[in-house]
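First the structure, in the form of structure tokens, and then the observations on it.
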2 protein chains.
Amino acid sequence: MEAVKASLSSQPFSSTLNVDVEGGLDISSGRKKVIWPRKSLSKVASARLQSSTVWSSKELAKFSLPAVTGGRQGSSVGMHIRANAAQIMDDVAAPPREEMTIVDVDLGDRSYPIYIGKGLLNQPELLQNHVHGKKVLIVTNSTIAPLYLDRVIASLKDGGNKVEVESVILPDGEQYKSMEVLMKVYDKAIETRMDRRCTFIALGGGVIGDMCGYAAASYLRGVNFIQIPTTLMAQVDSSVGGKTGVNHPLGKNMIGAFYQPQCVLVDTETLNTLPDRELASGVAEVIKYGLIRDADFFEWQEENMEKILARDTSTLVYAVKRSCENKAAVVAADEREAGLRATLNLGHTFGHAIETGTGYGNWLHGEAVGAGTIMAADMSLRLGWIDKDLFNRILSITMRAKLPIEPPSSMDVQLFKSIMAVDKKVADGLLRLILLKGPLGNCVFTADYDVKALEDTLRHFCKS
Amino acid sequence: MEAVKASLSSQPFSSTLNVDVEGGLDISSGRKKVIWPRKSLSKVASARLQSSTVWSSKELAKFSLPAVTGGRQGSSVGMHIRANAAQIMDDVAAPPREEMTIVDVDLGDRSYPIYIGKGLLNQPELLQNHVHGKKVLIVTNSTIAPLYLDRVIASLKDGGNKVEVESVILPDGEQYKSMEVLMKVYDKAIETRMDRRCTFIALGGGVIGDMCGYAAASYLRGVNFIQIPTTLMAQVDSSVGGKTGVNHPLGKNMIGAFYQPQCVLVDTETLNTLPDRELASGVAEVIKYGLIRDADFFEWQEENMEKILARDTSTLVYAVKRSCENKAAVVAADEREAGLRATLNLGHTFGHAIETGTGYGNWLHGEAVGAGTIMAADMSLRLGWIDKDLFNRILSITMRAKLPIEPPSSMDVQLFKSIMAVDKKVADGLLRLILLKGPLGNCVFTADYDVKALEDTLRHFCKS
């Protein structure tokens, strides 16, 4: 552990970048621009989605806006903007110091808010409002602990708040997303006598979120749980929607649960310490939302990809916000993946095969998804479901994001097939895939395709 | 394995007894007698409970009664008797060969029926109606597999039903209710390519039910699941209500999920192969229902304990049915154990300490619960919450059931305390206990007791 710690602290990441969050493009006019929803979203889903842009809770407390308490006021029909920047700015003399966006995930009694903004880890009320009981277990990893653990503990105890905080630090990497490592979380929870009213906090990327979430789902048959995602991948995708779990040596995420957090707290400042490769990995999921359901967002990415990679703050915040809105809408419409939710796995069936086939942790998840998305697009093109122009746009944006556009040479056709055969989306022996079909922003989830196209795609991308 | 089979088949249980089920005492008049609910059951709970006594599904098919499909027609206010023996007997020339009782567990979209009757494993439609998809994984143990596995497989495939059936046979005993053994279920599921539409079937006692249920809850984030309990303990308690999980070396059932089955199939014939010690273990939970909420049932047990132990069929069937009705009512009122459901754990906090302290598998669960119930009764007596007469009745019926009335000599006060400190019912540092209070059939779930009484009870039952 010490060795890991030492090598990480010597990595060349700047921690001095100043974050300059203006709340993103959608509120630049001072009025909420409805960027919402595209064809593939059902009316129910769009009706259930609530989105609001509000100031920090400290600021909001002055105006007694109901939105600040976390957005469980229930849904109403149509796009419901519960507060917008313009309304509030009319009332205050000067703009407040910090801004926060809330995206609500509407799941009935399992609904929760996603708080997005700069410096949210320094707003103790946010965390404290969602902690129940007197005990907290923070699950984090050896990379993130030295960067943010103390800050989260300070936030939890701020103002003399009486809460007992314990933490467990896991090794960093997808290869540690195993039942064996998960047992360390249970061990720590039992040793420190975490009880049914305790709260688990996931502080880290997708691996930590999935493992901590699954530990929370299964410890004492379920305890409270908060997500603090610190990677772009986790902020735009894995921390939202309640999928939790660990890998099995034979397949990714084979053991897990649907288990929703109390809230998701996205402090965009944490992206400042993220390695470039991890940032690009997250971008793979951002691209995905554009492809499956949000053509405008894809076009925005085509204009702004270099600003994302350069970590322009307002660009990043907007990418996170719009990604979370897309994810929240899909999850609200289909929490347990009866159908629609599966579309969020564009490129993932090929990608999971790459991750499993090359050994967990060698390729980052988003890297595998990047190459997997190209494979899915290639297959869609072979089926005649998309045109060559769209394929080329996908290829181009993936390359600009510095993501791989093909699987590693170690993957052969047989390896792909054997791993894909145990994919979670196999039903009654048929492999269902998410494929693009029609103009940009449209996809299908289907087992009704010519298997020759799949064969051809695999053969095209593999040497043997 | 063969040795077990031989010894079991030579046991003096008649398998030629005709089941003479009139649905138990409550329908002996040919009209449903509402035996329901006692003080501790909320009005909501009683309104949600549905119970019906109907003939076998083969017979019912002739009359197109909706009840036969499994009772998910939703709840209505008040006691809803959806079919009763008298109604059907009016329509048929002669009574059908076999009778089946259905107890519905009413949990909204997670509702399911408990089928109770003799020879139900020989009624293939019951199982086939609740299997979804084309693949089934039966999880059983080395004791039960030689006795019933072939029969269940035959039932699943009866009539040329196209379903692929796999099985995994675990070692028998509480000491194998571990994450390590659970991994064998995941391994088998992945190797045999069980997909999201598959069904897991738990064939065995409480350990198998808990492990298979938890595997079903977590494999691919949740697949269908059927309980076929083969011990009295599982039939009257553990198979009903959706508690699943495995033990941690430091505490019982520390890792698990609330996960409801598609149905529970209780074939009372399977009790014919149950060892006497296992039968007595199950009786501990039957006694519990009487003590916590059903004084009439307790009094019936006082009259019938020897007939239960002698395996008188109709007596056993009634004990199972009324136990399931009690459990279903409590679970319907409080699925996730916010409060009321905890009362089902009378004697279990002491009992779990005994099981953990002596090493899983040395004492049967019901044996530990038996001694634990005496300890809880002793503490209730010390608090002045019950009178000496009630305590003596509890002591007497426990002795008649051939259950232990004190913990093993290896348990000392400190060991009890250290294990009870990590009990799931600890909240914010306080140990909540289920204690008897008032006349027979009443209990409380509370942390508001004089700890001296707990100390005195522990010291009374332990040498050091």
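Here the Karplus relation 6.51 cos²θ - 1.76 cosθ + 1.60, evaluated at θ = phi - 60°, turns the backbone of segment A:183-199 into coupling constants of 4, 5, 5, 4, 4, 4, 4, 6, 4, 8, 6, 5, 10, 4, 9, 6, 10 Hz, with x for every Gly and Pro.
Distances from B:Ala310 to itself in the other copies, using label points 7 Å out along the Cα-Cβ axis, amount to 9.1 nm in increasing order. The H on the amide N of B:Ser167, modeled in the peptide plane, is under 5 Å from the matching H of B:Ile138, each at least 5 residues off or on a different chain. Per-residue 3J(HN,Hα) values for segment A:416-426, derived from phi via the Karplus relation 6.51 cos²θ - 1.76 cosθ + 1.60 with θ = phi - 60°, read 3, 5, 5, 6, 5, 5, 9, 4, 4, 8, 5 Hz in sequence order (x marks Gly and Pro).
For A:Cys263, the residues whose modelled amide H falls within less than 5 Å of its own, excluding neighbours fewer than 5 places apart on the same chain, are A:Gln227. Listed values for segment A:160-165 are Karplus-derived 3J(HN,Hα) couplings in whole Hz (6.51 cos²θ - 1.76 cosθ + 1.60, θ = phi - 60°), namely x, 4, 7, 9, 8, 10, and x replaces Gly and Pro.
Taking 0.36 nm per residue of separation and subtracting the Cα-Cα distance, full extension of the segment from B:Gln128 to B:Glu306 would add 60.4 nm. With label points defined 7 Å past Cα in the direction of Cβ, position B:Asp187 shows copy-to-copy spacings of 2.1 nm, given to one decimal and shortest first.
Rounded, prolate or oblate: pick one for segment A:250-314, where a ≥ b ≥ c are the square roots of the eigenvalues of its C-alpha gyration tensor, a/c under 1.5 means rounded, and failing that, prolate if a/b is larger than b/c, else oblate. Here segment A:250-314 falls in the prolate category.
Taking every DSSP bridge with both residues inside segment B:101-205, close to 30 percent are antiparallel. Under 1.5 on a/c is rounded, so check that first for segment B:214-357, then, if it is not, pick prolate when a/b is larger than b/c and oblate when it is not; a ≥ b ≥ c are the square roots of the alpha carbon gyration tensor eigenvalues. It comes out prolate by the Cα gyration axes.
Residues whose amide H comes within less than 5 Å of that of A:Leu403, counting only those at least five positions distant or on another chain, are absent (H built at 1.01 Å from N in the peptide plane). With label points defined 7 Å past Cα in the direction of Cβ, position A:Gly339 shows copy-to-copy spacings of 4.1 nm, given to one decimal and shortest first. Net charge of the neighbourhood of A:Lys135, taken over other residues with C-beta under 9 Å away and scored Lys/Arg +1, Asp/Glu -1, is -1.
Once you order the gyration tensor axes a ≥ b ≥ c over the Cα atoms, which shape class does segment A:295-388 get: rounded for a/c under 1.5, otherwise prolate or oblate by comparing a/b with b/c? The shape class here is rounded.
Every number in this text was worked out from the coordinates using simple rules, so none of it is lab data. The shown structure was predicted, so the numbers you read here are calculated from the model rather than taken from an experiment. No Cβ is skipped: glycine too gets one built from the backbone with ideal geometry, and neighbour counts run over all protein chains shown.
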